[in-house]
Structures are given as structure tokens and as C-alpha cells.
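The structure appears below as C-alpha cells.
Any read-out appearing in this document is the output of simple, stated calculations on the displayed coordinates, not a laboratory observation. Worth saying up front: this structure is predicted, and the values here are computed from it rather than measured. Note that each Cβ is placed from the backbone with ideal geometry, even for glycine, and that neighbours are counted across all protein chains shown.
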Amino acid sequence: MSNKKRVTVTARFKGKNLKLCLTFNSFCELEDHYGQNITQIFTKYLNDFAAQSVSMKDSRAVLWASMLESLPDASLRDAGELGEQLGQEKLSEVVAEVMANSGLFGEVGEDPEKPSGKPRGKKPSTA
């Protein structure tokens, strides 16, 4: 889970610009909230998203976790207010973008089948 260059999504909340992103700490908060590991949480969310059956509670929880870096005292209620302000379509877009930018699934736009890093050649033989 590398996130060398954190990509954020900006949203306006209570007159301030919030930078929404998922970090190591926010992953831990989500794990505490759900009582599951982050892979289980995101797998369920992505499966539900594909089936167009994501619960509002799950969207709110991911949005809440993404608010914590900018607003450490954010509550689930705050996330609900922001979600309401965004509207259902924009909320889905924001949550999907925040998850994609999290680094949990590799770099944004990175092909998971393609090896990362520079190719290493063999050193020339000195025999």
C-alpha cells in the first residue's frame, strides 16, 4: 500500500475546503468502525458498488474516514451532512475517487498486471 504522492479530492463543507483522502490512520479508523480488515471492507464495498447496492451507511463511513485527515474531529453525522450536500450521484463519484486514490489498489491508473519498478538486467559476465 504505497501512496508516495497523495491525491486528494476537494469538497466544500461548512464554508471550508476539505481535502478528502484515505490514509493509514483512516484505514485503521474504518477497521475499528467495522470490526474487519480494510481489504474485507473495500472488497464488500466494491462488490456492492458493482451490483449497484451500496448501503448509505457504507458510503457515509468511507466519506467520514476520508474527512479525518483535514478534519480530525469529524463525526459520522458530519459525513452524513457532507453526503447530503453532495447528493447521491456526486457522493458516489467522490467515494469512488477517494478509494481509487487511496493507494490500497496501487497507483491511480496503474495496471495491476504490469510489474512495478524498473526492469533489472543481468550484470555482464566477467569470465
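If you go through the range 61-71 one residue at a time, do you hit one that is surrounded by fewer than 17 Cβ atoms within 10 Å (Cβ to Cβ) and of a type outside the set (A, V, I, L, M)?
Step one: of the range 61-71, the residues surrounded by fewer than 17 Cβ atoms within 10 Å (Cβ to Cβ) are none.
Looking for residues that are surrounded by fewer than 17 Cβ atoms within 10 Å (Cβ to Cβ) and of a type outside the set (A, V, I, L, M), one finds none in the range 61-71, hence no.
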What is the number of the single condition among (1) touching a helix residue (DSSP H, G or I) at 6+ places or on another chain (Cβ under 9 Å); (2) without any contact (Cβ under 8 Å) to a residue 40 or more places away in the chain; (3) β-branched (Val, Ile, Thr); (4) outside any helix (DSSP H, G or I) that ILE41 does not meet? (4)
